[in-house]
Amino acid sequence: MNKTSPVAGSTKSMTFRRSKTRISDKIIPVLLGLCAMLSVLTTIGIVYTLLQESVIFFKEVPVWSFLTGTTWSPILPPKEFGVLPLLGGTLLITGIAVLFAVPIGLACAIYLNEYAPARVRGVVKPVLEVLAGVPTIVYGYFALETVTPFLQKIFPNMGIFNALSAGIVVGIMILPMISSLSEDAMRAVPKSLRHGAYALGATRFEVALKIVLPAALSGVVSSFVLAFSRAIGETMIVTVAAGATPQLTLNPLESIQTMTSYIVQVSMGDVPRGTIEYGTIFAVGLTLFVITFLLNILAQWVARRFREEY
C-alpha cells in the first residue's frame, strides 16, 4: 500500500492555499473595481437624464431668463420660468437651518469632546445620532403640527405654512451631521497639543477654542459645508411645512417654495410628458444638482486647504 507522508500532505495543503489566495487576489480587485465603476456609471446616468430633458427645455426657454427671472409660474398663464423665487426659497430655508444648527452642533461637539465624561458621551452621542435616522416626513409633520403652533404664539401673523418652522426643523435634521463630524475631527487632534496648553496654564475652555478647534478646522468646516449641501437637497420637510408659494422674499414668516418641493408638486403625474411644464422638473433638478456638486467640491477644497497633519 502507498502511504502519503505527512510532509507531502502538508505541501499539497499549502499549495492549495496559495492557489486559492492567488485566485482571491485576482477576483477581489475586479469586484471592487466594478463597484467603483457602478457608482461612476450611476452618476453619469443621472447627469445624462437631467441633461437630456433640460436641453429640450432650454431650447424653448433661454438659459439667461431662466436663471435671472423673478417670476415662477410654469403651469398657469401667463407662464413665467424665472427660477429665482425657487432658488431664493431654497436658500432661505437653508440659511435658517444653518444658523440654527451650526452653533448648537458645534457646541455639542465641543462638549462631547472636551467636557463630557466617557459614560455621558457614550449615551449622549448615540441618542443625538438617532435624529439622523428619523424619516424626514416625520420631521415635516413635526414642523407643521408642533413647531408652527408654538411659533404662532410668538409671531401671531405667521401662517400655517412658513419658512421659519421648516428651516428650524431642517436645522434639527442636520444637527447630528455637524456635531458628529465635528466631534470626530476634534477627537483626531493629538492629546499632546492639549497637554502642552494645559502645561502653559490654559483653561479647558481656552484649550477647546484656541487649540483644538483651530487644529480641527478642516473637518469642522467640511461638516458645515456638507450640512449646507444636505439642507439644500431636503425635500419632505419643506414640502409639508413650507408651503407651495414661489415668491422672492426674505420674510421667514411667509409661505415659500423650494426647488425640491416644486419637483415633488409637478411629479405627481398631472403634467403630460414631453411638455415644457414637464421639462421644468429636469431644469430645476439640474440646477439643484449643479449647486450641490459645487458645494461638494468646496467641501473637498476646504478639507485640503485647512488640513493639519501631525
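The values are calculated or read from the model by the stated rules, or taken from the named source; none is laboratory data. Just so it is clear, the model here is predicted, and its values are computed rather than measured. Because the Cβ atoms are built from the backbone with ideal geometry, glycine has one as well, and the counts that use them run over all protein chains shown. Surface accessibility is based on the protein's heavy atoms, side chains included, excluding ligands, DNA and RNA. Shrake-Rupley method; radii C 1.70, N 1.55, O 1.52, S 1.80 Å.
State which residue is nearest to the chain's Cα centre (by Cα) when the search covers only the stretch 137-156 and only residues that are in contact (Cβ under 8 Å) with a residue 24 or more places away in the chain and surrounded by fewer than 18 Cβ atoms within 10 Å (Cβ to Cβ).
137
So, in the stretch 218-247, exactly how many residues are in contact with a strand residue (DSSP E or B) (Cβ under 9 Å, 6 or more places away or on another chain) and surrounded by fewer than 24 Cβ atoms within 10 Å (Cβ to Cβ)? Reasoning before the result, please.
Start the filter on the stretch 218-247 by keeping residues that are in contact with a strand residue (DSSP E or B) (Cβ under 9 Å, 6 or more places away or on another chain), which leaves 246-247.
So of that shortlist, the ones also surrounded by fewer than 24 Cβ atoms within 10 Å (Cβ to Cβ) come out as 247.
Within the stretch 218-247, residues that are in contact with a strand residue (DSSP E or B) (Cβ under 9 Å, 6 or more places away or on another chain) and surrounded by fewer than 24 Cβ atoms within 10 Å (Cβ to Cβ) number 1.
Those residues that are assigned to a helix (DSSP H, G or I), touching a Leu at 6+ places or on another chain (Cβ under 8 Å) and open to solvent by 20 Å² or more (accessible area, probe 1.4 Å), I need them from the stretch 68-87; list them, please. So that I can check it myself, show each step before the final result.
If we filter the stretch 68-87 for residues that are assigned to a helix (DSSP H, G or I), which is where we start, we get 68, 84-87.
Checking the rest, the ones that are also touching a Leu at 6+ places or on another chain (Cβ under 8 Å) come to 68, 84-85.
If the condition is that a residue be assigned to a helix (DSSP H, G or I), touching a Leu at 6+ places or on another chain (Cβ under 8 Å) and open to solvent by 20 Å² or more (accessible area, probe 1.4 Å), then 68, 84 are the ones that fit.
Can you name the condition, by its number, that residue 293 falls short on among (1) open to solvent by 80 Å² or more (accessible area, probe 1.4 Å); (2) in contact (Cβ under 8 Å) with a residue 12 or more places away in the chain; (3) aromatic (Phe, Trp, Tyr)?
Of the numbered conditions (1) open to solvent by 80 Å² or more (accessible area, probe 1.4 Å); (2) in contact (Cβ under 8 Å) with a residue 12 or more places away in the chain; (3) aromatic (Phe, Trp, Tyr), the odd one out for residue 293 is (2).
Please verify whether the stretch 36-57 includes one or more residues that are open to solvent by 50 Å² or more (accessible area, probe 1.4 Å), more than 28 Å from residue 187 (Cβ to Cβ), touching a Ser or Thr at 6+ places or on another chain (Cβ under 8 Å) and at pLDDT below 90. Let's see the steps before the verdict.
Step one: list which residues in the stretch 36-57 are open to solvent by 50 Å² or more (accessible area, probe 1.4 Å), which gives 36-44, 46, 48-49, 51-52, 55-56.
Still in the running and more than 28 Å from residue 187 (Cβ to Cβ): 36-44, 46, 48-49, 51-52, 55-56.
Next cut, touching a Ser or Thr at 6+ places or on another chain (Cβ under 8 Å) only: none.
Scanning the stretch 36-57, I find no residue that is open to solvent by 50 Å² or more (accessible area, probe 1.4 Å), more than 28 Å from residue 187 (Cβ to Cβ), touching a Ser or Thr at 6+ places or on another chain (Cβ under 8 Å) and at pLDDT below 90, so the answer is no.
Checking residue 174 against (1) open to solvent by less than 10 Å² (accessible area, probe 1.4 Å); (2) more than 22 Å from residue 294 (Cα to Cα), only one condition comes out false. Which one?
(2)
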